């Protein structure tokens, strides 16, 4: 029974911490917003759920964090990854694809993208036009 309990805990620990990490990232962005540490000052923050059809099958999708400024049309899409490997460029590409499904001022909005990672980012991703925060970056910003 103990082995089964430990297995269950191991299986559910990272997904649970991942949800908490999303909340920490949201609070971090909120703090940066008060310090003007972002490309724009947002007026709303939340997550986004949507769906699309692929080969007749309904697929659910989520964007972990979306911030926006209702006056300027600025919008930031962010994903939070609590995993043991560096976040790569495919995560960024998937986020860009998902952002196209968000129907909000599509004709005039200015888009920004951010990724949060437990352990960092691949060199390839660092070359892209995306805001990147790992745990060390978050700590550094909060201490300044």
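The values are calculated or read from the model by the stated rules, or taken from the named source; none is laboratory data. Please read these numbers as outputs of a predicted model, since none were measured by experiment. Please note: Cβ atoms are built from the backbone with ideal geometry, for glycine as well, and neighbour counts cover all protein chains shown.
When residue 45 is evaluated against the numbered criteria (1) touching a helix residue (DSSP H, G or I) at 6+ places or on another chain (Cβ under 8 Å); (2) surrounded by 17 or more Cβ atoms within 10 Å (Cβ to Cβ); (3) under 18 Å from residue 110 (Cβ atoms), which criterion, by number, is the only one it fails?
Unmet for residue 45, out of (1) touching a helix residue (DSSP H, G or I) at 6+ places or on another chain (Cβ under 8 Å); (2) surrounded by 17 or more Cβ atoms within 10 Å (Cβ to Cβ); (3) under 18 Å from residue 110 (Cβ atoms): (2).
Let me spell it out: the conditions are (1) without any contact (Cβ under 8 Å) to a residue 40 or more places away in the chain; (2) in a loop (DSSP other than H, G, I, E, B); (3) farther than 19 Å from residue 127 by Cβ, and residue 63 meets all of them except one. Which number is the exception?
Of the numbered conditions (1) without any contact (Cβ under 8 Å) to a residue 40 or more places away in the chain; (2) in a loop (DSSP other than H, G, I, E, B); (3) farther than 19 Å from residue 127 by Cβ, the odd one out for residue 63 is (2).
Would a scan of the stretch 43-60 turn up a residue that is in a loop (DSSP other than H, G, I, E, B) and at pLDDT 95 or above?
Yes, because at least one residue in the stretch 43-60 is in a loop (DSSP other than H, G, I, E, B) and at pLDDT 95 or above.
For the stretch 95-108, check the following and say yes or no: at least one residue is closer than 25 Å to residue 18 by Cα and free of Cβ contacts under 8 Å to residues at least 12 places away in the same chain.
yes
Could you list all residues from the stretch 69-86 that are over 10 Å from the mean Cα position of the chain (by Cα) and in contact (Cβ under 8 Å) with a residue 40 or more places away in the chain?
If the condition is that a residue be over 10 Å from the mean Cα position of the chain (by Cα) and in contact (Cβ under 8 Å) with a residue 40 or more places away in the chain, then 82, 83 are the ones that fit.
Filter the stretch 96-144 for residues that are under 16 Å from the mean Cα position of the chain (by Cα) and in a strand (DSSP E or B) and give the result.
Result: 111, 112, 113, 114, 115, 116, 117, 121, 131, 132, 133, 134.
What is the residue count in the stretch 69-84 for residues that are over 16 Å from residue 25 (Cβ atoms) and either in contact with a strand residue (DSSP E or B) (Cβ under 9 Å, 6 or more places away or on another chain) or crowded, with 18+ Cβ neighbours inside 10 Å (or both)?
The number of residues fulfilling the criteria is 6.
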